[in-house]
Structure formats: structure tokens, C-alpha cells
Amino acid sequence: MAEPVLSVRGLSKSFGALKATDDVTLTLKRGEIHALIGPNGAGKSTLIRQITGEIRQDSGEIRLGEAEISALSTQARARRGLARSFQVSSLAPEFTVLENVMLAVAGASGRRLGLIRPATGDGALTTPARRHIARAGLEGRENARAADLSHGERRSLEIAMALALEPVAFLLDEPMAGMGPEGSERLTALLSGLRAQAPILLVEHDMDAVFALADRISVLVYGALIATGTVEEIRADAEVRRAYLGEEG
Ligand SMILES: Nc1ncnc2c1ncn2[C@@H]1O[C@H](COP(=O)(O)OP(=O)(O)OP(=O)(O)O)[C@@H](O)[C@H]1O
């Protein structure tokens, strides 16, 4: 079997007496969307932040392909293609969609433009930028200012900027948050297509989106994984229904 794109083995992190992640082992395989669900405070964000390198684990390992990455900085992990979206602090509201994605392309290729408006005649930047914009469903909005985008379009812009990293894996933390029904539907379709480019580890409370998108689901409760399986397996799992889906046992 093909080796997982991302694998996490025995990952633990405590905050004082609280075990935020407790011996978590999971994989992200090529072409899949693997959803991570669990009640509030279960440790989902802490797990994602350990994978990105924002939080150091107490024990365990993280591999991207064969390479052990858990000693690397967040930036070094991003350079290796670990793309975390929906916290893009570098988005420049006064710049257009095209300019923002050009900056992301420049950053990914090691060119430092700072916050200087990029020249839209620079084909080395515009060609890939336009490709990422189209892929993220924003064709026709290249010249809109980021500040004028709708919430859903902003999510799409963040995806276009993440695509500039030529990601090997996406980590998405609650992409559906704050979206109306129409926006959720569009984003669901967009994410569904993205998995072919790079697999997605998806933290999401919107169960409609999770059930529509996930190839596999892992359930985290009090920092520990209680189940991993297909949508059907997770829906049928009595322990999951008790612990998370709020049903009486
Ligand atoms: N930096 C920190 N210091 C102390 N405790 C923390 C820290 N970060 C998270 N925690 C605690 O760790 C536990 C897991 O939090 P985390 O945010 O990872 O959960 P979550 O599953 O993402 O929750 P939600 O679904 O509400 O976003 C919580 O009890 C939280 O209060």
C-alpha cells in the first residue's frame, strides 16, 4: 500500500494536568479527505497546531512522507508543502485578489516582495497566480480588493493563496465557520475537488459538510481518538453516538 502523505504517531500534549492530545495516531492518505471531529475542547485545534509546529508535542512523531518533521519550525514545514488555511494573516485587504495570490506565489518561491504592490506584468507571478485563482473558483474576481470580498470569497482567496505553496497536504480548521448555506455548498464542492491535488485533514463542526466530504472520519474525545472509519462506520458506531452525536446509550 502507498505510504501515507502525513502520519502522526503517539502524539501527546498536556497543559498542566489537562491532556489536550493523548497518544493520537492517524494518517492522511493520498487523495483523501480525513475529517477530525469531536466535542468542544476535545483537542482538535491543539492537534492541528502540533502538526503545523505552533505547539510542540510532549511526545510522539509527525512524518510528512518519510521525513520526520516534528523538530522543524512552522515555516520549514510550510515550505515542505504543509498548507494550513483559514488563518492567513498575510492577506493584504487593500490589495486585489490577483495581487494577494501573486504575493503568495512570490513568498513560496523565496522571492521577498514584502508588502510592495507586485507588478501585474510579471508573468512569472501572474501565470501561476491566475491558475490558483481559477482553481479556487475566483475567476473573474482577480481585480476585486480583498477587503470587498464576501466571506465565502475570502475563504476561496485563502485557498488560492494556500495553493501557491504547491501543498502536499492541507490542514483546514473549521472552513465552514460563519458561512451561509449557499457559501457552505460552494465551499463543499471546492474542497471536494481539492483532495485530488493534496489530501485534506479537515476539522469541522458542520456535520452535513463532514458527511458529504469525508472519506474517513476520526473522532477525538478528551484528547484521545475513540474511532476512525468511513462515514457509514462512524455513523453506526455506538460509542461515537453516545460520546459525540449526543444520543442516549
Ligand atoms: N495554550 C493552552 N493552554 C492551556 N490549555 C489549553 C491551551 N490550548 C488549549 N487548551 C485546552 O486544551 C483543550 C483542547 O482545546 P482545543 O482548542 O484543542 O479543542 P478543540 O477540540 O479544538 O475545541 P473546539 O471544537 O471548541 O475548537 C481545552 O480544554 C483547552 O481549554
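Observations on the model:
- Taking amide H as placed 1.01 Å from N in the peptide plane, the amide H of A35 sits under 5 Å from that of L202, D215, R216, I217, S218, each at least 5 places away or on another chain.
- Length added when fully stretched, Y222-A144, from 0.36 nm per residue minus Cα-Cα: 23.8 nm
- Coil-residue trypsin sites (Lys or Arg not before Pro) of the range 105-203, DSSP, other Cβ within 10 Å capped at 16: R111, R112
- Only Cα sites of the range 149-195 enter the Debye sum here, all with the same form factor; the resulting log10 I(q)/I(0) across q = 0.14, 0.15, 0.19, 0.24 1/Å is -0.31, -0.36, -0.58, -0.92, listed in q order.
- Taking the square roots of 5 times each eigenvalue of the Cα gyration tensor of the range 90-166, largest first, gives ellipsoid semi-axes of 17, 13, 11 Å.
- Taken about its Cα centre, the chain carries a charge dipole of about 860 debye when Lys and Arg each add +1 at the Cβ and Asp and Glu each add -1 at the Cβ.
- At a probe radius of 1.4 angstrom, the accessible area of the chain per residue rounds to 46 square angstrom.
- Pairwise inverse Cα distances across the range 1-59, averaged and inverted, put the Kirkwood hydrodynamic radius at 12.3 Å.
- The simple spin-label model puts a point 7 Å past each Cα toward its Cβ; for E66 and D122 those points are separated by 3.6 nm.
- Qualifying trypsin sites (Lys or Arg not before Pro) for the range 1-63 [loop in DSSP, other Cβ within 10 Å: at most 15]: R30, R56
- Residues of type aspartates and glutamates that K19 reaches as a straight line, Cα spacing below 14 Å, ignoring anything fewer than 8 places off in the same chain: D58
- Over the chain, dividing the summed -39,500 (n - 2.57) contributions of all DSSP H runs of at least 4 residues by the number of residues returns a 222 nm mean residue ellipticity of -10000 deg cm²/dmol.
- Heavy-atom accessible area ranking, 1.4 Å probe, most first, across F211, F15: F15, F211
- Dipole-positive endmost among A164, L98, P118 within the range 90-166 (Cβ charges, Cα centre): A164
- GNM flexibility winner over the chain from Q50, Q197, Q75 (Cα, springs under 10 Å): Q75
- When the GluC sites (Glu not before Pro) in the range 40-101 are filtered for DSSP coil states and for at most 15 other beta-carbon atoms within 10 Å of their beta-carbon, the remaining sites are E54, E66, E94.
- With q set to 0.09, 0.14, 0.16, 0.17 Å⁻¹, the log10 of I(q)/I(0) for the chain, from the Debye formula over equal scatterers at the Cα positions, is -0.40, -0.94, -1.17, -1.28.
- Heavy-atom accessible area ranking, 1.4 Å probe, most first, across L202, L18: L18, L202
- Selected from A177, A224, S85, residue furthest toward positive end of dipole (the chain; charges at beta carbon): S85
- Size of electric dipole in the range 90-166: Cβ of Lys, Arg +1 and of Asp, Glu -1, about Cα centre, debye, nearest 20: 120 debye
- Carbon + sulfur, % of accessible area of the chain - ligands and nucleic acids excluded, 1.4 Å: 48 percent
The values are calculated or read from the model by the stated rules, or taken from the named source; none is laboratory data. Computed from a predicted structure; not experimentally measured. Neighbour counts are summed over all protein chains in view; Cβ atoms, including those assigned to glycine, are modelled from backbone coordinates with ideal geometry. What goes into the accessible areas is simple: the full protein's heavy atoms, side chains included, and nothing from ligands, DNA or RNA. Shrake-Rupley method; radii C 1.70, N 1.55, O 1.52, S 1.80 Å.
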